[in-house]
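One structure is given here, and the rest of the page talks about it.
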């Protein structure tokens, strides 16, 4: 193996290990969130019995368009809420992030990620009333620099170790590395894996820790919240970014999904898909944090 590749993978391993180390530090009986091992084992058995869940086929795109789409999705990300978890301010309530990106890539992309193309996407976010528009604009403008070069790098490494692309993503676009749990970076890798079967060693990548997955893990009893935290979530109170409660939720999510992967033999992409695609089975609110990290 090329010494440069070995160094990149070692550096990628270091940042992945640090995510997991931080997760351990914020979870336990003396923390806002703890893990129920019995419920975890029972859930793993249920998952194995019921089988994996797969995403529906995506709109017809070539591989370069798909990589560009996921790069934009990672830049914009979620956090559609201003107040209540189920209040979406977008026009008509039906426009989604992927609707905007797919329309842009299919109908307005002419081969160059230039200012006109970027402004088309940013205008859509502004007039559909996406929260955190300034931060999202910064993320978008960051990835517009050298986007074609990065897409080619991803395509050239589509059959290689996922950590090679992860390393390049967080090195090139520091907005993707700003989150202590690297949710957007991990999601970029997993999305390309489950949609296009890109990358090997995908099991090394932790689950992207956001808001719907912990909601489902708490629903199934794997996560136990302190009463004060449960009350805040039920009343739609904002959980401050990087507060002990917020990082405890996300850290526990990573640890439980690691264990589910061990018990089921599935990779983190398959674990994440199973939980995400079943999110509507639970009608309880998820925790609200104003952030583009998830």
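Some points to look at:
- Here the condition is being in contact with a helix residue (DSSP H, G or I) (Cβ under 9 Å, 6 or more places away or on another chain) and assigned by TED's automatic domain parsing to the domain that holds residue 250; of 162, 185, 147, 209, it holds for 209 alone.
- For segment 25-72, a residue qualifies if it is touching a residue at least 12 places away in the same chain (Cβ under 8 Å), out of contact with any strand residue (DSSP E or B) (no Cβ under 9 Å at 6 or more places or on another chain) and not in a helix (DSSP H, G or I), and the qualifying residues are 31, 52, 53, 54, 55, 58, 59, 61.
- Considering 78, 82, the condition of being assigned by TED's automatic domain parsing to the domain that holds residue 134, surrounded by fewer than 16 Cβ atoms within 10 Å (Cβ to Cβ) and either under 20 Å from the mean Cα position of the chain (by Cα) or part of a helix (DSSP H, G or I) (or both) is satisfied by 82 alone.
- Selection from segment 118-137 of residues that are part of a helix (DSSP H, G or I) and touching a helix residue (DSSP H, G or I) at 6+ places or on another chain (Cβ under 7 Å): 118, 120, 121, 122, 124, 125, 126, 133, 136, 137
- In segment 219-260, the residues that are assigned to a loop (DSSP other than H, G, I, E, B) and farther than 21 Å from residue 81 by Cβ: 220, 221, 222, 226
- Subset of segment 198-227 [over 22 Å from the mean Cα position of the chain (by Cα) and without any contact (Cβ under 8 Å) to a residue 60 or more places away in the chain]: 227
- Pick from segment 204-244, criterion surrounded by fewer than 16 Cβ atoms within 10 Å (Cβ to Cβ) and closer than 18 Å to residue 20 by Cα, ranking: modelled with the lowest pLDDT: 242
- Residue within segment 183-197 that is touching a residue at least 24 places away in the same chain (Cβ under 8 Å) and assigned to a loop (DSSP other than H, G, I, E, B) present: no
- Of all residues making up segment 59-75, the number that are touching a helix residue (DSSP H, G or I) at 6+ places or on another chain (Cβ under 8 Å) and surrounded by fewer than 14 Cβ atoms within 10 Å (Cβ to Cβ): 1
- In the set 151, 143, only one residue is in contact (Cβ under 8 Å) with a residue 12 or more places away in the chain, more than 29 Å from residue 290 (Cα to Cα) and surrounded by 14 or more Cβ atoms within 10 Å (Cβ to Cβ); that residue is 151.
- From the list 55, 26, 80, the lone residue that is in contact with a helix residue (DSSP H, G or I) (Cβ under 7 Å, 6 or more places away or on another chain) and modelled with pLDDT under 95 is 55.
The values are calculated or read from the model by the stated rules, or taken from the named source; none is laboratory data. As the structure is a prediction and not an experimental result, all values here were calculated from the model. For neighbour counting, all protein chains shown are included, and Cβ atoms are generated from backbone atoms with ideal geometry for every residue, glycine included.
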